[in-house]
Ligand code: AMP
Ligand code: MN
Ligand code: MN
Ligand code: MN
């Protein structure tokens, strides 16, 4: 009897954990390879996962192959940082990864990111933080270098106690913005994703520090550019924020999405794949129209 009860509970829990439409792999600043991430998704009971690496779709093909083998639906995605606001990120879901214009912009962003590496080293050195680019490159597995890799190098060298502290004191300051890389505008990013047959979603509206009225205006504007969805459910959103975002999504007729922004424990320590922070996204059930 008890066994049956536990089994039913277990089955129900598995059904509830359906989607995670915002995750990162080693193709950008995630800790796990696309294959590892899909296997983890399978293990935690997700049926669908979107790979939304920053400014690249390089991890998608490997993830799709693994998903086909182990029975997890993998959606090809991308998360593009835009220049309108430092926390404004546009997610493209179900994008055509072979689209030439998208590939070209992603390649340009990659080039610009490489040029920024030395600017960051010099910026930190001016502040008395001496970090070797070779050490940071090692942490990045000799692939592209991201700010979290600099943050980890700073932790390892004892300049800060945590990745969060590195961002707060050095890597996420107004001064840092002066050495920041070039980014497309929201209008450009949305057009790019739409042209690549993707569904455009505004990521983590709760991180935008807009008032409800400002967000309302922005959604009007972004919808005019071709925005189709809003990431109402997100790891760091409070219940009140989620409620507001659901209302705004309804008002602007936007698709509601859910995403943890999973990167792996050393980078975003509290965020778990599929369930968010302290299981806050565990009960979210959504159906996708694509
Ligand atoms: P980059 O594109 O190199 O500027 O790196 C941006 C990445 O840094 C974001 O995608 C986040 O994953 C990460 N990031 C930003 N702020 C923080 C933070 N406070 N703690 C950990 N990671 C962060
Ligand atoms: Mn990231
Ligand atoms: Mn983001
Ligand atoms: Mn993200």
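Checked against (1) part of a helix (DSSP H, G or I); (2) crowded, with 18+ Cβ neighbours inside 10 Å; (3) touching a residue at least 60 places away in the same chain (Cβ under 8 Å); (4) within 16 Å of ligand 1 (Cβ to nearest atom), residue 102 passes all but condition (4).
For segment 252-290, the set of residues classified as closer than 28 Å to residue 218 by Cα and within 16 Å of ligand 2 (Cβ to nearest atom) consists of 259, 260, 261, 262, 263, 268, 271, 276, 277, listed by residue number. Among the residues of segment 32-82, those that are under 20 Å from residue 276 (Cβ atoms) and within 16 Å of ligand 3 (Cβ to nearest atom) comprise 50, 51, 52, 53, 54, 77, 79. Just one residue in the set 82, 129, 136, 121 is away from ligand 4 (no atom under 16 Å from the Cβ) and in contact (Cβ under 8 Å) with a residue 24 or more places away in the chain; that residue is 129. Residues considered: 150, 176. Of these, the only one that is assigned to a helix (DSSP H, G or I) and either closer than 19 Å to residue 25 by Cα or in contact with a strand residue (DSSP E or B) (Cβ under 6 Å, 6 or more places away or on another chain) (or both) is 150. Exactly one residue out of 59, 67, 92 is within 15 Å of ligand 2 (Cβ to nearest atom), in contact (Cβ under 8 Å) with a residue 12 or more places away in the chain and either surrounded by 16 or more Cβ atoms within 10 Å (Cβ to Cβ) or more than 22 Å from residue 33 (Cα to Cα) (or both): that is 59.
Taking each residue of segment 244-266 that is within 16 Å of residue 53 (Cα to Cα) and looking for partners that are part of a helix (DSSP H, G or I) and within 16 Å of ligand 1 (Cβ to nearest atom) with beta-carbon atoms closer than 8 Å, six or more apart or interchain, yields 262/37; 263/148. Exactly one residue out of 51, 97 is within 16 Å of ligand 4 (Cβ to nearest atom), touching a helix residue (DSSP H, G or I) at 6+ places or on another chain (Cβ under 7 Å) and at pLDDT 95 or above: that is 51.
Note on segment 38-60: among residues that are farther than 21 Å from residue 288 by Cα and in a helix (DSSP H, G or I), the one that is nearest to ligand 1 (Cβ to nearest atom) is 40.
The values are calculated or read from the model by the stated rules, or taken from the named source; none is laboratory data. Remember, it's a predicted structure, so these values are computed and weren't measured experimentally. As a convention, Cβ positions derive from the backbone with ideal geometry for all residues, glycine included, and neighbour counts pool all protein chains shown.
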